[in-house]
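Worksheet: the structure to be examined is printed underneath.
The values are calculated or read from the model by the stated rules, or taken from the named source; none is laboratory data. Note that the coordinates shown come from a computational prediction; the quantities given were computed from them, not determined experimentally. All Cβ positions, even for glycine, are placed from backbone atoms using ideal geometry, and neighbour counts span all protein chains on display.
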Amino acid sequence: MLLVRELDNGTRLIGRIVETEAYREDEPACHAWRKVKSRPPKAAVRWRGGDLLSRPGLAYIYFNYGMYWLLNVITEPEGIGAAVLIRAVEPVEGIDHMKGLRKVRSDTQLTNGPGKLTLAFGIDNRFHLRPLTEPPLYLAHAESLPRLRVGRSVRIGITKAAELPWRFFAAGNPWVSKHPATGPKSGGF
């Protein structure tokens with residue numbers, strides 16, 4: 001899939017998704033985990049992670065470590081907390097504009113992490129709970145690009161439930177963030 005951001009001036013920023021991680025309410029790294037069993041009906045939006053109970057296809061955006069907005073896609077039916085974090089994209093279009101937003105020496109450093117890609121695409125909380133099916137921020141099919149070999153590993157950058165093999169990436173793609181020190185480094189399927 002492609003991540004597409006259409007700017008007001010007509011510029012399009014497009015990146016091919018090359019790395020993701022999955023999170024769901026029954027494991028402690030998910031924002032919805034602690035409150036799932038104790039939440040009162042209809043009150044979920046009052047706590048961080050409650051927005052994950054919204055309908056699938058919406059953006060779930062949160063501020064991480066007081067530094068970066070992170071983009072997730074809500075994936076389960078309404079009432080079930082689960083999302084996929086978009087960890088990295090390979091820039092396809094609008095690269096010069098992305099470089100203007102991120103001062104980097106190497107193109108591969110532009111979008112090879114979840115905070116880096118949101119900076120390069122100008123994504124912040126304005127897109128929270130907006131559908132990812134229509135402009136200005138949406139997902140589109142990547143029909144003309146070559147198929148990728150998908151690798152799988154443990155999740156990275158977290159401490160809780162990090163051992164779950166729910167990180168998926170384009171094996172060998174230079175825009176994928178650094179591989180974890182432990183766990184499988186590739187292993188396509």
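Among the residues of the stretch 80-90, are any surrounded by fewer than 20 Cβ atoms within 10 Å (Cβ to Cβ) and at pLDDT 80 or above?
Yes.
I need a count of the residues in the stretch 111-152 that are touching a residue at least 24 places away in the same chain (Cβ under 8 Å) and in a loop (DSSP other than H, G, I, E, B).
17
Taking the stated definitions as given, is residue 76 within 22 Å of residue 169 (Cα to Cα), buried (at least 18 other Cβ atoms within 10 Å of the Cβ) and not hydrophobic (A, V, I, L, M, F, W, C)?
On the way: within 22 Å of residue 169 (Cα to Cα): yes; buried (at least 18 other Cβ atoms within 10 Å of the Cβ): no; not hydrophobic (A, V, I, L, M, F, W, C): yes.
So residue 76 fails the test.
Can you confirm whether the stretch 155-173 contains a residue that is of a type in the set (Val, Ile, Thr), touching a strand residue (DSSP E or B) at 6+ places or on another chain (Cβ under 6 Å) and surrounded by 17 or more Cβ atoms within 10 Å (Cβ to Cβ)? I'd like the intermediate steps shown before the answer.
Within the stretch 155-173, the first condition is being of a type in the set (Val, Ile, Thr), and the residues that meet it are 156, 158-159.
Remaining after also requiring touching a strand residue (DSSP E or B) at 6+ places or on another chain (Cβ under 6 Å): none.
No: the stretch 155-173 contains no residue that is of a type in the set (Val, Ile, Thr), touching a strand residue (DSSP E or B) at 6+ places or on another chain (Cβ under 6 Å) and surrounded by 17 or more Cβ atoms within 10 Å (Cβ to Cβ).
Within the stretch 113-154, take every residue that is crowded, with 16+ Cβ neighbours inside 10 Å and charged (D, E, K, R) and give me the one that is farthest from the chain's Cα centre (by Cα).
152
Taking the stretch 175-184 as the search range and keeping residues that are surrounded by 13 or more Cβ atoms within 10 Å (Cβ to Cβ) and on the phi < 0 side of the Ramachandran plot, which one is modelled with the lowest pLDDT?
So, considering only residues that are surrounded by 13 or more Cβ atoms within 10 Å (Cβ to Cβ) and on the phi < 0 side of the Ramachandran plot, the one modelled with the lowest pLDDT is 184.
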